[in-house]
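Here the structure is laid out as structure tokens; the discussion comes afterwards.
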């Protein structure tokens, strides 16, 4: 007699299978989130760093990623219908490419940001509040655009909705921690911000290529390898210290 045929044991067997799936797949989903979100973390750090005030940066990350978590859970819930919706992928691609190009434009934006850093706005002023709200919205939209790739990968691993959502929650928490680290590193390594935005552009190009020519989309490992090389370059050179300058 098979154990499954005993009615009193069936719930225990099903529960054991469910716990086994969680124990096996949850670490995998979290690892996928961590690997696929490295470029996301540096982009979020660079965006929040525009506020200059460390306390406001922390607030922006908290509020922005809190809103991003709501968007990500909603995306997971409707992933079956939304992930193949080409207008959403086109918008995400266009947004990531715009984010990359607008932040890599030479001279004028860099000079403006330096002047703003020298004349930091007082907390509580109307312009400061608008800046915080704008940064929070940008953080949430950026994570949503990046989530198309990570959610698609997570849904491909498991069709258990609650399991994928748990992985998404842990992924956002990890993203909050790594973004805080990148904020500090951006002030140390001179090429890191450019490397991050180039990685953002690569993700945008990959989404666009998936729509225009799916057969030409490179494997995920190729994108990860290129992003890894960009990060190696990003960490390759430090800003001069006051002692050495």
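Quick test for you: out of 97, 67, pick the one residue that is under 18 Å from the mean Cα position of the chain (by Cα), modelled with pLDDT of 90 or more and more than 18 Å from residue 176 (Cβ to Cβ). Give the derivation first.
Numbers: 67 fails: more than 18 Å from residue 176 (Cβ to Cβ).
It is 97.
Could you name every one of the helices (runs of 4 or more DSSP H) located completely within segment 122-225 that has at least 3 residues being touching a helix residue (DSSP H, G or I) at 6+ places or on another chain (Cβ under 6 Å) and at pLDDT below 85? I'd like the intermediate steps shown before the answer.
Values: elements: 126-157, 161-186, 192-212.
By residue number, 126-157, 161-186.
Residues satisfying the criterion are absent from segment 79-94 (criterion: more than 15 Å from residue 146 (Cα to Cα) and within 17 Å of the chain's Cα centre (by Cα)).
The values are calculated or read from the model by the stated rules, or taken from the named source; none is laboratory data. As the structure is a computational prediction, the values presented were derived from the model and not from experiment. Cβ: placed from backbone, ideal geometry, glycine included. Neighbour counts: every protein chain shown.
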